[in-house]
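Take a look at the structure set out below.
Laboratory data are not the source of any read-out in this text; all were calculated from the coordinates shown. Values in this document were obtained by computation on a predicted structure and should not be read as measured data. Cβ: placed from backbone, ideal geometry, glycine included. Neighbour counts: every protein chain shown.
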């Protein structure tokens, strides 16, 4: 799915280290930063994928999903206690923004590259927020809701190796994402995540 | 009495009460967690009937069928495929429960897919999907339809068009907005209202997502622009978490207390969504008893919309520019692209024109050898994805017009409908079906009417025909017809007379195709701009023109002020003040700084382009390159580092300063060599992002900072395995190896990398960093830690100084 989100300007500025009331930014400088952020927004093509799948078993080392898929992580298993299903989600900012970052870096414009990078990161994260909001709306009709937290492979004890199974289930190839034999997603600003589906009363 | 009239009568009598949530009610009757209400309803008809009866007894005037997800894309997830039968049965159950007490609305919800151009589901497939559902619901006996909880305007349009093409039933369209008034897909309240009421929705409004308090504000915002009644179906507040479980907190009494405020805000149909119960509805009815909702305040509205923006045509408002550049005439590049079915140039034109001030974009793809219908459809979809500006569909072909109108996710403007007898009815019918506004072209034969008088007759004739299709003057914009003054010296005056007549007598909006007036003349821009000024003074509403003409846009802004169409001259002032202002102001006085001050300031301010000239001047004044580096540039970059650490500077400012420093170094490099100084003499640092990790922006920043501070940097890139790292270390013999990792799971490779280098016998220091790396972790693997590029320089200098002291 193509995802359209409001540009998370505040998060982008925060990611770049801006502190309100402390960082001094002249109007002309701010205009340049805002212009670059707007340009980045036009280059980012957010796409996402989502899939709800049933949980067969949860134990202290991980979870088993329908189809025999195992996700290994104690902290993930803890988060999912009480859930009967998981939402697998994936998002990407697209290749164009990575090309633009590379182009800026190679032409010695790292200032531009860091801003494009910040926009791509925050928008990709924003895409996951969007997917969760979207799925939550649908789940409410079935008296369910998502866990507030989500886990991404590569952090905590949720190793990158888990990403392959999620990549396959989400068919992320259809949104322009590939996966290396080291389970790294390409383009770089691509991410998968897991949230739990629980009952709403 | 047919049901449409019944419902309209009911609305005139008072507030129409809808029902509440179905899911929570079925759950109370034993529906398992995660079960689809439709499946449960099919298997347990008595349960769903009991839910309907609960709401009927509570006083609902209209109940919804339990068919929200009963479409071909959702039902198969639960093992059902006979969409028609499921809808028919569930509608019949609702009808049986309702009897004569209430009306039954066939409930239609999202498919879970996104419709082109925002997703992969074709518009026609979406229409077919909804027609399937509609037909089942009709056979089950529904009285009307409700399309609800929609976030995608295109999907909503598909459902509404499906209903229109199968029946003439009363239809309620309700979308889900967040507190800011946008759907998840970015459609704002006003654009949703303008699009759907124009397309034929009998009621428009919102449901779900928000509680009553938030939704009242949304209704209030819609009210001034609604020519149809408004509906609201809020949740029972927002779900709260307690002891790990989520629930709806708002009880019936509190929920119903908002009823009068909804009526005051403009709602004429009111119910409840997630978390509400028959008790909520019963008390809502009670609290609203006797209240008289207001009828719609407007009968018609002159506005066009995209999926996320509305442009209102306000008499007396600033002139609206319709960008003309997406037109292949005279544009070889665009012609080539269109023939190859590529659209990037059209997309660029769209973005550029909007940046320069076009509020609406004219889309014309007419050219020999092109399938105009197919191309127009595709370009409209692509531009709808590229920009929020509403579109003006410019074609003389009826089939192309229909294809574009059908797939356009908003309320379009048609350019144009003329008085030509053989196509007039067909075009008016199309415009009416899709709810479009249109430009009325006062041409009825081969000859273009020369005089304003001749044009008026055609305008009145076409308008009289348009009335039969339900149009009002708010729905049309008269093209005052601009002809070349080079061919007819009085042409411009006739156009101006037409504009004036439309504005003062006929009472309609006007448009001109601006550049026609200057055809055949030199320096056309001045003729166009002057004509525009005159036309604005006579009341012209909009112009099809090139917004990238600075003269034109400047004159437009000034003319709006002079004609009283730019209140307080705010748009004019905003246009001309600041760097965006196109008119060059007086040259700013250059402060009388010394070259040394300017070098220092260039680094502090990150002025990459401003460092070379003062460097040259300083050298010419006799300063050595070394002195410039040691006394000015290095102190400046260190000052920047301090400002960054205090957060007075943030990352872009730090990098801009570092890049300025780098540029200064590069410019000074020959001089430094002459003076026998290496600009990278402090030491060698080899950088890499570890195996398994491809994030490198942090590493790149560290590299830049180190270079600026006199280090020789070798960057091995990202996802560097231990073997490559070892080989490079043997080759370059660095003083320091810097490793970066962003993820906890790749961070472990730092330890292995450090171990493999140490085991090989190579002697060097290690410096690690990255979002998840900590000082403790660094220490545990025998490395040093730096949280950012500024700290990396300090640590590297410290390590080198230690090494040098050790070597003494």
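What to note about this one:
- The angle between the Cα long axis of helix B:697-708 and the longest principal axis of the Cα atoms of chain B comes to about 30 degrees, rounded to the nearest 10.
- Between 0 and 90°, nearest 10: helix B:651-674 axis offset from chain B longest Cα axis: 30
- Debye-formula intensities of chain B, expressed as log10 I(q)/I(0) at q = 0.06 Å⁻¹, are -0.59 (one equal scatterer per alpha-carbon, no solvent).
- For the segment A:2-9, counting C-beta atoms of other chains within 10 Å of every residue's C-beta and taking the mean gives 4.
- A viscosity of 1.567 mPa s and a temperature of 4 °C, combined with the Kirkwood radius over Cα pairs in Stokes-Einstein, give a translational diffusion coefficient for the stretch B:1-124 of 83 µm²/s.
- Cα convex hull, the protein assembly as shown: 198 Å³ per residue, rounded to a whole number.
- Kirkwood-based shape ratio for the stretch B:52-124, expressed as Rg/Rh from alpha carbons: 1.09
- Theoretical ellipticity at 222 nm over chain A - DSSP helices of four or more residues, -39500 (n - 2.57) apiece, nearest 500: -13000 deg cm²/dmol
- Diagonalising the gyration tensor over the Cα atoms of the stretch B:378-444 and scaling each eigenvalue by 5 before taking the square root yields semi-axes of 22, 11, 10 Å, largest first.
- Inter-chain Cβ neighbour count for B:644-651, averaged per residue, equals 6 (cutoff 10 Å, partner chain atoms only).
- Within chain B, antiparallel bridges make up roughly 10 percent of the DSSP beta bridges whose residues both belong there.
- A simple spin-label model places pseudo-atoms 7 Å from Cα toward Cβ; at residue B:669 and residue B:120 they are separated by 4.8 nm.
- For the stretch B:151-217 versus the stretch B:279-298, the gap between their alpha-carbon centres in whole angstrom: 21
- Ascending count of other beta-carbon atoms within 10 Å, so fewest first, for B:542, B:502: B:542, B:502
- Förster radius 60 Å - calculated FRET efficiency between residue A:29 and residue B:450 (Cβ-Cβ, nearest 0.05): 0.60
- Euclidean distance between Cα centres, the stretch A:19-57 to the stretch B:655-731, Å: 28
- Only helical runs count toward this figure. For chain B, summing -39,500 (n - 2.57) over DSSP H runs of n ≥ 4 and dividing by all residues gives -14000 deg cm²/dmol at 222 nm.
- Residue order, fewest to most surrounding Cβ atoms within 10 angstrom, among B:167, B:174: B:167, B:174
- Size-normalised alpha-carbon gyration radius of the stretch A:67-134, reference 2.2 N^0.38 Å: 1.59
- In this calculation the C-beta distance from residue B:617 to residue B:567 is compared with R0 = 60 Å, giving a FRET efficiency of 0.75.
- Annotation for residue B:396 and residue B:646: the two label points, set 7 Å from Cα along the Cα-Cβ direction, are 7.0 nm apart.
- Between residue A:181 and residue A:39, the distance separating the two model label sites (each 7 Å from Cα on the Cα→Cβ line) works out to 3.9 nm.
- Reduced Cα scattering model of the stretch B:113-188, Debye log10 I(q)/I(0), q = 0.14, 0.20 Å⁻¹: -0.45, -0.85
- Per-residue Cβ neighbour counts within 10 Å put B:526, B:501 in the sequence B:526, B:501, beginning with the fewest.
- Cβ-derived FRET efficiency at R0 45 Å, residue A:161 paired with residue B:96, nearest 0.05: 0.20
- Relative to the current alpha-carbon distance between residue B:592 and residue B:298, full extension at 0.36 nm per residue lengthens the span by 99.6 nm.
- Chain B: angle of helix B:634-645 to the longest principal axis, Cα-based, in degrees nearest 10: 40
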